[in-house]
Every structure is written in C-alpha cells, then in structure tokens.
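Accompanying notes for the structure given below.
What follows draws every value from the coordinates through simple rules; no lab data is involved. If you're wondering where the values come from, they're calculated on a predicted model, not measured in any experiment. Neighbour counts are summed over all protein chains in view; Cβ atoms, including those assigned to glycine, are modelled from backbone coordinates with ideal geometry.
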C-alpha cells in the first residue's frame, strides 16, 4: 500500500518519458492523472487508517543491504498520515496552477514534479534512517532542477544556494546516522538503521546532545529556523510558481517533520534540554519574519518571509512539548501548506499576467479582478489566522500549548499574530486597493475557469480545516500522545558507549 | 639456493629505476616503458613470494598483472598516437589541458 | 649453482633498467626493456614459475615490445622531448625521493628473510596455474576477459581517425 | 442567526448574477427573518423567563476541535442577555439594511456590499449568542474582518483602504490580549465554556482573576475603541455611512461592553480590574467628548461621541452595574444609529459633503432629517424623556453609588463633566449643520427617499420611547429582565442608596446647560475652546501623532533595517561569506594543479613513501 503510494508518481514519470515531447496537452494530462491517482491512494489510506492507534501502520519491510543492516522499511502513523495527505493534495493543485505558464521543456518539468512527489512521500513514510536519508537528499535534485531550469532571472544563484545550503547541513545528519548505527552495534548487538530498533537504545544525554545537534541542524535549515533562513527567499523568488508552491507547502515541512519524528523518538533528553532554545529561535523567527516581510518590495519575497514567520509558529508549538503544541504545530504545517501555497499561486496569477512581482507595479487590482480579489482576501485572512479559517486553529493550539509551557512564549508569539496582519494587509492594500496602477491594465483579466477550480479547492480546504479540524486532529492525536509519552520515559537501562 | 631477499632486492632496484624514469623523462613512450619496468619488478616480487611461501596464488596474480599491462599498453599507446596526431608531440609536459 | 645463473641475469636486468630510462632514443629504450624482460624470464625459471616465464616471453617480449617498436616507428622515432625543461627542480627531487624509496623498499626486502618453502615438482606448471585460475579465481579471470574487451574497444575508438575535426579542439 | 449566513453565501457567490434590487432585498429579508426568529425565541422563552429569568439555554452544535485535555464545543447560548443583544443587533441591523437600499442605490457593486453586511450580521449574532468563549472569539474577529471589509469598501480611495487596515490592526492588538486571556482562563479552569467560566471564575485566585479580566478588557478596549486603542474608530468613518451606523455605533463597538457583561462574575470579583475598567471608561468618555468639540467632520463628531458613550458603558461596568451598561448600550444603539443615518441623509443630499463648515441651513430642505437629528441630539444629551436620559442617568447614579461605597468619585465627576460637554458639542454640530445661512455647497439639497426615511423614523421613535425600557416610571422592564442573570452583587445587599432625586436633577440641569451653552456659543460665533487648547483638541490630544511617531514609524524603520542591513547584510552576508571563503580556498588549491603529469607522479611517489614508511616504522 505505502510502497504503491510512494512509487506511483515515479511510475507516472517513467511512463511520461515514453510520450513524445511535442504532445504538450497529453503530457499535462498524464502528469495530472498520475498525481490524482496518488491522491486517490492517499485518500484510501486516510480512510482505512486506524486513528485509535499511535503505532506505525501498514508497515512493510524488505532487506536492502543486509551486510550493513540497511533495510527498506515504510510505515505510516498519525503524523506522517496528515502530511502525506497534504502532499497528495498539493501536487495536483500545483500542476494545475502552472498549467499554462510552463511551455519550455514541459516533459522534463512534469517528470521532475512527479519525481519530487515520490521523494517527498518517501521521506515522510520511511522508517529506516538510511532510506530516509536517501529520500531526503533525493528531494533536492528535482527541486534544484525546478528552480534552476524554470526559474526567473537569478535562478542559477538561487538553485545553487538552495542545493548547497541544505546539502551541507544534511551531511552532518548522515554522520549522526552512522554514529547511531555504530552505537547500536554495541548497544543492541546488531547492525541496523531501523528507527524502531534504534529507538530502544537509550543514550547518555551527552551523546544525545551531539547527535541531536547534527540532526537538528539539517532540519533547522530545511524549516528554516532563524537565522538559517536566507536560502528560502532566494529560492522562492526565483522558483517557478509550482516550485514555490511545493517548496513552501511541503518541502519546509520535511524539516519540522524531522523534528517530530526523530526528536522525541531518538533524543528525548536532548530535545527537552533544547526546547527553550528552539522556542527562542522560533519566536525570533516569528517576529523577524513578520517584520522583514513588511519591508519587502517583491511579493514573492514577502510571502517567503511570511513562511519564516509561520514556520516559527510551528516550531514554537513543537518546542512547547505538549499535546496542544504538537497538534497545533501539525495543523499549522497543513495550514501553511494550504495558505502559503495559495499565496504563491496568487502571486503566480499576477505574474503570469503582467510579469512583475514588484508590489509597486500594482494597485487597485481588485477593481479589475473581483473574483481574484475575493480569493485573495480569503487566503490572506487564512494566512493571518482568522477564526473560522484553518490558520486560527493552528495558531490557537500552538499559542495555547506555548502558554502552558511558558506564558511569555505565548505573549511574544501573540505579537506575531498582530504583525502578520500588519504585513499581509499592507501588501493586500498596496496591490489590490487604491487607484488602478499596472503596466498593462488590459492584461489583468479575472481568474480563468481552471484557476478558479484550483482556488475553490483551496478555499474549501481552508474552511474545512477551520471549521472541522478534527478530521486531522483525531487522526494524529493518538500518535502525538505516543510520541510525547517518550519524553516522559525514565532514563533507565542506559547503554554505555565505549569510545572507539 | 638463492635466498628470497636477493630477488626482492633486485625487484626493489628495478622498481626504483622505473619510478625515476617516470619522473625524469618527458617522452611519453619512454615513460610508458618505465611503467612496464615497474610492473615487471612487481611481478618478480610476486613470483618470489609465491616461491617463498609455496603458494601458487602469487603466480596467478602475475597472470592478471600481465593481462592488465597488456590492456594498458594498448590503450596507452593508442592515446599517445592520438595525442601525437593532434599536437605533434609526445612530450608529456606539453599536455597540460587540465592545468588549474 | 643457482647463484651462477642469478648474478649475470640480475646484472643484465639492472643494466637494462638503466638503459630504459637513460637512452636518448626510444628505440634504444625499447631494446633495453627487451633485455630486462628476458632476464626476468630467466629469474622466473629459477623461481619455479615455468608457465609465467613462458608468458613473459610470449606476451611481453613478443607482443608488447613489438607494439612499442611499432609505435616508435609510426611516430618517426623522434625523441619527442622538448628543448626546455619546464620543471627545473623535478629531476633533483625525483632522485632524492626515489633514493628514499629505494631505501624503504630494500629494508622491506631484506626483512623478508623466511626460507624458501619446499615445493612439489609440478609447482608453477601451466597445469597447476590453470587449475587455480579456473577454480578459485574464475570470476577475476572472466573479468579479465572483460577488461581485455574494453581495451580492444578503447583502442579501436581512439585509433579511429575522427571525421573531419568533429568536436576536436586544438588547445 | 443562520439567515444572514445564507444571505451572505448567496450574495457573495451568485450576487453578480442577481438583479441589483434583488440582492438588497434578499439581504433585508434574511436579517428580518433573524429578527423575527429572535423575537420568536424571546416569546417562547418568556413564560419560563418570567419566573426564572436567570435560565440559560445552551444549544450544543458540534464538537469543534480537541487536543489533549482541550475540547471546544461549538455551542450557542440563549438567555436574557444574549436575547436582548440579538434583538438589538437584528432589529437595528434590519432598519439599516433597509436604509442602505436607498443610500447605496447608486453603487455599482451592490451585491458585494450586502454580502459583507450580511456576513457582519452573521458574525455579530454569533458573537452575542456564542456559548463558548472561543466561538465568541470567532464572531469577535469576524466582525473585525467585516468592519475592515466595509470600511475599505470603497477600496479605490486610499484613505478608505488605509482606515480599514488601521481598524483591523488596532483590533488585532486587542485581540492578541484577548487570546492570552483565554489561555489564562483555560489553563486555570480547563474549559472555555462561558457558563462553566461563570461558575468557576469566583473560585480562582485573586491575581489570576485580575490578570484574566485585564487581558480580556484589553481586548474589549480594542473592539470598543477605548483609550488607548480608540484611534481606529474616527478613521473608520471612511466607510459607507450605514456601515458606520451599524457597526461603528450600534453593534460591533459594543461587543466589548457585552463581553464584560457576559463574563460579569469574572469581572465583578476582580476589583482591581474593575477599577481600571471604570477609570479607563471615564477618561475615554471625557477625552472623546472634548475632542468632539473641535471636529469639523460631522461623522467624526459622531464617531467621537460614540467613543464617549462607550466610555459611559464601561463606567457602568466599573460601577458594578452591568445592567445599566447594557441599558445604555441599547438606547445608544437607537439614537446613535439615528444620528448616523441622519448624517448619512445629509451626505446623500449634499453629494458626500461632510465638512460642517461647508454645511448650514439645511433644516428647511431636509425637514425630516433635521427632525430626526434633533431627536438624536436631545437623546444623547440626556434630556428627558428621551431614551438617553434614562440610561445615562442610571449610569451616573451607579457611578455616584460607587463613589459612596469606595470613595472613588473620579468616574462620577468625569462622567458628569462629559455629560455637559456632550450636550455642548452635539448642539454645536446640529447648529452648524442645520441652522444658519445656507452654505456654499448647498447646491440642490433634496430629501432622502422613503427607504431611508422610514428606518430613521422608526429609530427616532425608539430614541424617544426606548428609555421606557429601563425607566423607573415604567417599572424598569429591561432591568427586571436582565438583573437576575447578570450583575448579581453578592454580599452587597445594603448599598448606600444615593439621593436619586437630587442626582436626576443635576443630570437634567447639566444637560440643559450644555445645550444652552452650545446655542449661546454658536450664536456668539465664539469657539468653545481657545488657543492652544483648541489646537490640542483638534489634533485629538496628539494621540494619533504620538502613535505614528512612536510605534508606526520606528516599526517601519525597524522592518526596513532588518530586511536590508541585517538580513541581506549580516545573515545572508555570512552565508555568502562562507561561500566566498570556500571559493577562495578552491582558487588557492587550483594552483596546485599545474597540469604536469610528472609532478603529479612525484606526488604519488611521495604519498606512497609516506604511507609505506609509516607502516614500516610503526
């Protein structure tokens, strides 16, 4: 089941390779079909998933490199389930959203997208550290292509920066993975990279600290946690619309997912010790991202920095280390995927029409594009966490969780709630309100039917999550409890690690 | 009976001669011959050890070295001919395209 | 008795080795190399490696040296060394390090003082080597054939005259 | 409550296809349906409520979200308070919808207008009927959004768009505090259900109660435009006038007052917080009234008077008399909506001229409007028997009583002075607008269409008679209705009763004096305040300027600084510096690659020498 899910997009990409590159329409439809098929499988998974259990479900094992104990192991629990759902939903939308804007090397583009989907799903679902690492790095390749080949003016620089920055940080994670493996040879008496097996190790705090630091660095760059965020605005700005959407909606979640998946499981003590630091960085990220957004002149950069702010909320929720915080962080990951993805699509709509991302080049657009204005309003309010939309559920739970850990965290985080309105409304007003300013007013035609369909789906999700978040929350609750339970585990049966 | 160290010493001297040839000469052909010299000195060491330990494995290794040497010479000489065609020289110092 | 054979062959081999690296003309080098190879073949016989000795003569002396000579003829047998030494310190450094190297190697060689093992009469015959090759070393043997194939293909490709400067830069 | 939601959905989604008239009428019908529903519920509850008005009917809807020990049930609550509020909201809302039909008749984008208006009605009803603080918060934020949308309705005008944004942001500041208050309550009580909080609040530690109450009050100051978060309301007058009447006078801004009444037991048991509430209310009332003296924009005068009246309501809350506050809330909704509608009618007639210096002599051409405005003025000034008199008087009495029992007469004194100033500036506004010479801008003033006049008439009637709801002579029906539910002063049975007659006399005298002074000043063509004070008032105590200088400008500068030097310079600079260092190392290493194969070979030899030597010497 899960393997099918993971490799379905890849299979689609392989099939695409057989299509002649001139038949653009066929390529588009085939790519969409592959991603929709994946969505169907994911939906079925969602349906048969047992929400009462906090364990891994649908686990599949296979040996891969037996001499080193590397295995192919996949499984899904409540946390990865919702993220898999998000991935499966966003990809068709992203493909639809860039329907007309990609005409050059369309086949390669679609194949990259599908390959990316496989890599991301694999990352979310793998239970073996090496497998995880392979998928984790595999994500970079199609993404760097997406930025570097279909991006705008400064794309080479952005792609290179993105690739090197995240790659460099991940290498340390590989070192830590190997270190864990070596420790496990002594501690468990077997060669293994299996997460469940490694989780039974109980490491001394000092070792945990170092290993966690290595993991955390890789994840922190991906999230990105302040001050490791500077690749993000460049990558976002230069990437094509679909690339930005995927990057914001899903790729950043890999980092936060990593924190959830590996932090409590492998390094509970280190996580407990690092939580205040993470929270502090998260809060700085929230406020900093919001303030810097306010000063941007480029719409895409603005949205990119808003991502820094939003992901700061996610990290704040995770650092709270309680149920509300975790659940809120999880919901916020989904929200950010939906809302920020939608914001990038919105910028894409404008860009497609006038080829400018500068805020100053727009004004009074609402008069010419009323439907677009309505969509923009809803998405903006969702991003600003208006109650009733998805954003509120996430921020409410996060801040509540943070409040229960430390009232000051929540108070500072609430400052981000205010600032988010400041920059979003500012940008909205500059672009949509006031007298009409545009280089080519006649090109500002309202949303097409296809775009409307994409946004309709997004808006439905915004309100669905906002009004009935239990669809997601119920499924992840048991898992979150199980994960958090590990943090309360007494540090018994410590394995002595012999220095080599 | 000539003891093993004598053969090995001969092998060592031949190897060093080959190395010096590689380092000092600039004619690609001669460098190649010096390499052959080094390979042969190693072969001698292999055979000596095979004899010393009474194991046939050393001679098998020589067999493989021979194979590799043959291939190397064929490919290497082809390369030299190719370079000569394009640059009219076999001086190895004139071939510095990979200079940084 | 064996010393009487070993000392002259060793002396010939050494002389040949010096000749290889010292000769002005490549042709002389090739002939010196031939001398080394022949001397070594005799040594192999002394070391109970009849099969290898035969191979040495056939492949090296018969094929490889001929190939060298062939190429030397093809390239007008010019010395090929340019008039100017571009690496002035290379020669001195090479001698120093080579001497050091020789010291290390000799130390290793003289340290391996274990007596020769007693061996059966058929040691080193083609039969025995072949048996080992086709049982224990079957896979490497097959791989060797692949290497040979690759070499043939490579030489063919490299030796082919390119069709009119396609993609060939003169730089 | 569901009705306006339906209206919003239909108008928002397919409004463009509907005929223009239909869109408006549909909106009116839905709101009317809400009103009728509320009335029906009232009548249904009434028999039970007559004996036991404290009963609260909770209607659970569905379990909204849950995480750990947090469970939020979306539920509605129906009791005396929420019904009163629902009736006021839907009633005034209905009248204003009807008025809008006339006022907005020329607007090209009518369905959008009514969609927003209906959404607002939905949100406001959700707010007043919410059974859970979080649900209330949804309504609370949603009305803020509607307010933003409606203020910025004419988005092509930069001033309107900016005003809308300002309103939203200032509200958000209060909301953040509100949210923190919610967290505090939840961590203490493990629930956000309003009834459970009411029951649980008195058992909390004093400090927690005070802090929670203050945080929630901070939220209320944002929404109800109290000091120091009042700055958005005057700017909000950029919106269409019916919107100002509905949202920024009658309903939304009173949400803060409602919140305190809703959580009366929390507030009434936190004396420190209550003290702050009373003082802030009184200061705001006084401040806003004085500013109103020197405004020339008719709508801004009304806006400041709204702020001032809201201050009164908070005074009432601070004086342990939420019932009086709610009473004033109701009457204020009537007469302030009336005043705004009259002002709107003037604008309608004068082609959107709103500067009072360019108006004048309109009493004759706009007979009905002028009459309505006059009634409103009398009501707000507190002249009997108009509605404002009774409610304002009740508050003054309670404030006096508070002074007697605690020795804190400041709220009473300020409130009394404010009453005088209120009468003064309202008279001034009325005189400037309606009497005197016809102003230059008076091209061809024409009376408003019936769709505008009828609601004004209805509101005028309510402004005249509304006071009876709480008047002592009529048996105080509203007070009777509400008192059992809220504002139970536990253990304060023996309150010192002030000499009611005397106080009433003082109030009336002050009001009349204010009116007389207003007329006199206007006649004498003298400005009521002089010199530096005038400038001070005209610049609204420099509060807006202060905010601009202290918060907005530095914030913007900080943002620019962070985005420029810090982000691009330092942080990204560090990243790129790493890249540059690596590139430099690469360039240095490049020189090792001479291209001479023999040199490489020498390297190999040395390398093997080192390795072999190491192994041999080891």
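Computed on the Cα trace of region A:131-207, the radius of gyration divided by the Kirkwood hydrodynamic radius gives Rg/Rh = 1.18. The length gained by stretching the chain between residue A:457 and residue A:25 to full extension, at 0.36 nm per residue less their Cα-Cα distance, is 153.3 nm.
Classify region C:1-77: rounded, prolate or oblate, from the alpha-carbon gyration tensor (a ≥ b ≥ c, eigenvalue square roots; a/c under 1.5 rounded; otherwise prolate if a/b is larger than b/c)? Cα axes put region C:1-77 in the oblate bin. For chain C, relative contact order (Cα pairs under 8 Å, six or more residues apart, normalised by length) works out to 18 percent. Give me log10 I(q)/I(0) at q = 0.11, 0.12 Å⁻¹ for region A:6-76, Debye formula, one equal scatterer per alpha-carbon, no solvent. Log-scaled intensity ratios, in q order: -0.46, -0.53. Between residue B:53 and residue C:121, the distance separating the two model label sites (each 7 Å from Cα on the Cα→Cβ line) works out to 2.7 nm. Going 7 Å from the Cα of residue C:100 in the Cα-to-Cβ direction, what parts of region D:595-609 have a backbone nitrogen less than 17 Å from that spot? Answer for this model: D:599-609.
Which stretch or stretches of region D:374-389 have amide N atoms under 19 Å from the point lying 7 Å from residue D:296's Cα along the Cα→Cβ direction? Zone members listed by number: none at all. Per-peptide packing, taken as the mean over residues of other Cβ atoms within 10 Å, places B:78-91, A:364-377 in the sequence A:364-377, B:78-91 from highest down.
Quick check: from the Cα gyration tensor, does chain C come out rounded (a/c under 1.5), prolate or oblate?
oblate
Each stretch of four or more DSSP H residues adds -39500 (n - 2.57); spread over every residue of chain B, this sum gives -28000 deg cm²/dmol at 222 nm. Principal-axis analysis of the Cα atoms of chain A puts helix A:299-320 at an angle of about 30° to the longest axis.
Taking the alpha carbon gyration tensor of region D:309-354, multiplying each eigenvalue by 5 and rooting it gives semi-axes of 31, 9, 4 Å, largest first.
Any chance you could give the angle, 0 to 90 degrees and rounded to 10, that helix B:57-87 forms with the longest Cα principal axis of chain B? The angle comes out near 10 degrees.
Between residue D:417 and residue D:156, the simple label model (points 7 Å from Cα in the Cβ direction) yields a spacing of 4.7 nm.
When a/c is below 1.5 the answer is rounded, else prolate if a/b is larger than b/c, else oblate, so apply that to region A:267-467 with a ≥ b ≥ c taken from the square roots of the Cα gyration tensor eigenvalues. Here region A:267-467 falls in the prolate category. For region C:1-77, the relative contact order comes to 29 percent (Cα pairs under 8 Å, sequence separation of at least 6).
For chain C, a Gaussian network of Cα nodes joined below 10 Å ranks C:140, C:26, C:115 by mean-square fluctuation, and the top entry is C:115.
Work out the FRET efficiency for residue A:442 and residue D:374 from their Cβ-Cβ distance, taking R0 = 51 Å, and round it to the nearest 0.05. That gives a FRET efficiency of 0.45. Label-to-label distance, residue D:404 versus residue B:81, with points set 7 angstrom from Cα along the beta-carbon direction: 12.4 nm.
Here C:86, A:161 are placed in order of increasing Cβ neighbour count within 10 Å, fewest first, which gives C:86, A:161.
Using C-alpha pairs below 8 Å separated by at least 6 residues, the relative contact order for region A:267-467 is 29 percent.
Legend: mean number of C-beta atoms from other chains within 10 angstrom of residue C-beta atoms, peptide C:111-123, equals 4.
Every Cα-Cα pair of chain A was included, and the share exceeding 34 Å stands at 31 percent. Counting only alpha carbon atoms, the long axis of helix C:65-74 and the longest principal axis of chain C meet at about 10°. Annotation: for a label point projected 7 angstrom from Cα along Cα→Cβ of residue C:11, residues of region B:3-31 with backbone N closer than 19 Å are B:3, B:6-11, B:13-14. Using the Cβ-Cβ distance between residue D:584 and residue D:558 with R0 set to 25 Å, the FRET efficiency from 1/(1 + (r/R0)^6) comes to roughly 0.15. What the pair-distance distribution of region B:4-87 shows, using all Cα-Cα distances binned every 5 Å from zero, is 3, 15, 19, 20, 18, 11, 7, 4, 2, 1, 0 percent. If you plug the beta carbon distance of residue D:547 and residue A:356 into 1/(1 + (r/R0)^6) with R0 = 30 Å, you get a FRET efficiency near 0.35.
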